[in-house]
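Bear in mind these aren't lab numbers, they're just calculated from the coordinates by the rules spelled out. These numbers were taken from a predicted model, which means no experiment stands behind them. All Cβ positions, even for glycine, are placed from backbone atoms using ideal geometry, and neighbour counts span all protein chains on display.
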Ligand code: FAD
């Protein structure tokens, strides 16, 4: 099923994200985690894509396994380190497996700065996917602005280009303060961007994740969130419980404010996905 049709029903949706294995020996354990999450019967599940392209087959394979389990998959695809030929080969495989949804991304510029020359921005990829078949296309958006953008207005202008290129919905980068999203929604709607916006929520469940988030410049951590990390960061089980509770509260506030699309960065953790879904069982009805 196409995600745009799922969203068009206008009901709250809960979806989860998994990432593919980097090596073949990890394939079975990642597939097992993905299928355990699929058992929760989410609205859809996304599978990330290694920007270097090395794990691209695994993205398609995990997405296919999810689809065979009866859940709609969303396969990510990045372009900045890819040739046009590679992109079309992945699109061909997605078609072969009947996967209808693609999240079209530029990908991060590699540390050595070496990029292929076929694509510079996600909007180019979106245009090409649009011409390549009957896909439902999603894109990324950044309520706090993308790190490379000079300012939010410029970033919103580039988001508009992605929508004009043909994307059907956008999923946000993680954020820990819902007011940032509400303000962003106001700004993008004012600029005429009307596609559905799915809120990306990251349950922070361990100290390593916190370090990674802090190193991603731009992600604002509210005092309330910092206090949780300060108090429980060294206690893995307490941090996990508090992190899941914080994410759940964020989701409840979003749903209460009519942000109906919720995407949880569940990071191959079925127990995290399950706890969040259970806490929302009545709210999502
Ligand atoms: P773009 O939309 O191309 O934007 C990149 C930058 O260029 C922005 O600063 C934008 O403002 C600017 N820009 C755009 N168009 C123009 C233009 N015409 N002129 C000048 N500047 C322009 N990465 C992965 O490797 N794999 C994944 O699976 C993955 N999944 C993600 C899922 C989500 C929901 C999100 C939010 C991010 C994901 N990422 C993933 C990270 C993403 O690849 C990076 O954030 C990347 O740096 C930007 O990708 P983009 O598609 O947003 O790029």
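Mean residue ellipticity, 222 nm, helices only, the chain: the sum of -39500 (n - 2.57) across DSSP H runs of n ≥ 4, divided by residue count and rounded to 500, is -14500 deg cm²/dmol. Between the stretch 202-225 and the stretch 153-186, what is the separation of their alpha carbon centroids in Å? Centre-to-centre distance over Cα atoms comes out at 20 Å. Of the peptides 169-177, 78-86, 150-158, the order by per-residue mean of other Cβ atoms within 10 Å, starting with the highest, comes out as 169-177, 78-86, 150-158. Comparing 47, 115, 71 in a Gaussian network model of the chain, where Cα atoms under 10 Å apart are tied by springs, the biggest mean-square fluctuation is seen for 115. For the pair residue 132 and residue 68, label points projected 7 Å from Cα toward Cβ lie 2.3 nm apart. Figure legend: label point modelled 7 angstrom from the Cα of residue 57 along Cα→Cβ; residues of the stretch 1-42 with amide N under 19 Å from it are 19-32. Estimated at 0.36 nm per residue, the fully extended path between residue 257 and residue 271 surpasses their Cα-Cα distance by 2.4 nm.
Mean-square fluctuations from a GNM of the chain, with a 10 angstrom spring cutoff on Cα atoms, peak among 166, 70, 107 at 70.
Per-residue extension of 0.36 nm, minus the Cα-Cα distance of residue 153 and residue 187, leaves a gain of 11.4 nm for this segment.
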